[in-house]
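The values are calculated or read from the model by the stated rules, or taken from the named source; none is laboratory data. What you are looking at is a predicted structure, and each value in this text was computed from that prediction instead of being measured. We place every Cβ from the backbone using ideal geometry, glycine too, and count neighbours over all the protein chains shown. When the accessible area is computed, the model is the full protein with side chains, heavy atoms only, and any ligands, DNA or RNA have been set aside. Shrake-Rupley method; radii C 1.70, N 1.55, O 1.52, S 1.80 Å.
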Amino acid sequence: MRVVLQRVTRAAVTVSDEVVGSIGRGLCVLVGIHRDDTEEDMKYIIRKILNLRIFPASEEKPWDKSVMDLDLEVLSVSQFTLYGQFKGNKLDFHTAMAPTEASKFYASFLESLKKAYKPEKIQDGKFAAMMSVDIVNDGPVTISFDSKEK
């Protein structure tokens, strides 16, 4: 799995002029699923999302608190394009998980994320939809990581 995680003051996902998910302070997480991802990859990514010390405790400790420590929110957005590769001037997505399989994997990811934290603190977009993602990046702080690069 590949993630681009952004610390935000607020974020929202809109599909066809309808807001389908929105949060206040917390993390907006763009999630890509590789064709070879397993439950172990999922567990690793969830652990990092919830425990990454990316929030300040004070001016002296700018990288000391996690989303769980501060009881903040998470907005997850599925994004297969994180596995896009250049093929000339075109993009190729053959390393991304196939849509039908990815839909099930992503649903399992969201369920596991909610179980690991607080379901009411987890929001998401709409899988495979054309989405508008509106974020206010706090910092700005943007971190990317991949479960295959542990």
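For the pair Asn51 and Asp17, label points projected 7 Å from Cα toward Cβ lie 4.6 nm apart.
Partner lysines whose Cα lies under 16 Å from the Cα of Lys65, excluding those fewer than 8 positions away in the same chain, are identified as Lys48. Compared with the direct C-alpha span, the chain from Asp134 to Thr95 gains 11.3 nm at full extension, assuming 0.36 nm per residue.
Quickly estimate the mean residue ellipticity at 222 nm for the chain, helices only: each DSSP H run with n ≥ 4 gives -39500 (n - 2.57), and the total goes over all residues, rounded to 500. Mind showing how you got there, number by number?
Details: 2 runs with 31 residues, N = 150.
Rounded to the nearest 500, it is -7000 deg cm²/dmol.
Whole number in Å², please: accessible area per residue of the range 2-146, 1.4 Å probe, ligands, DNA and RNA not counted.
Per-residue value: 56 Å².
The simple spin-label model puts a point 7 Å past each Cα toward its Cβ; for Ser108 and Gln85 those points are separated by 2.4 nm. In summary, the aspartates and glutamates within cross-link reach of Lys118, defined as a Cα separation below 18 angstrom excluding same-chain residues under 8 places away, comprise Asp69, Asp71, Glu73.
For the range 2-146, DSSP calls about 75 percent of its internal beta bridges antiparallel.
Measure off, as a whole percent, the carbon and sulfur share of the 1.4 Å-probe accessible area of the chain, all protein chains present. Each step should come with its number before you reach the end.
Details: 4160 of 8470 Å².
That fraction is 49 percent.
If you average the alpha carbon positions of the range 120-150 and of the range 19-65, how far apart do those two centres end up, in angstrom? So the separation of the two Cα centres works out to 8 Å.
Subtract the Cα-Cα distance of Met68 and Ile143 from 0.36 nm times their separation in residues, and report this length gain in nm to one decimal.
Numbers: separation 75, 0.36 × 75 = 27.00 nm, distance 1.72 nm.
So the chain would gain 25.3 nm between Met68 and Ile143.
About the centre of its Cα atoms, the chain shows a dipole size close to 180 debye [charges on the beta carbon of Lys, Arg (+1) and Asp, Glu (-1) only; nearest 20 debye]. Shape annotation for the range 2-146: C-alpha extents along the principal axes are 46, 36, 33 Å, from largest to smallest.
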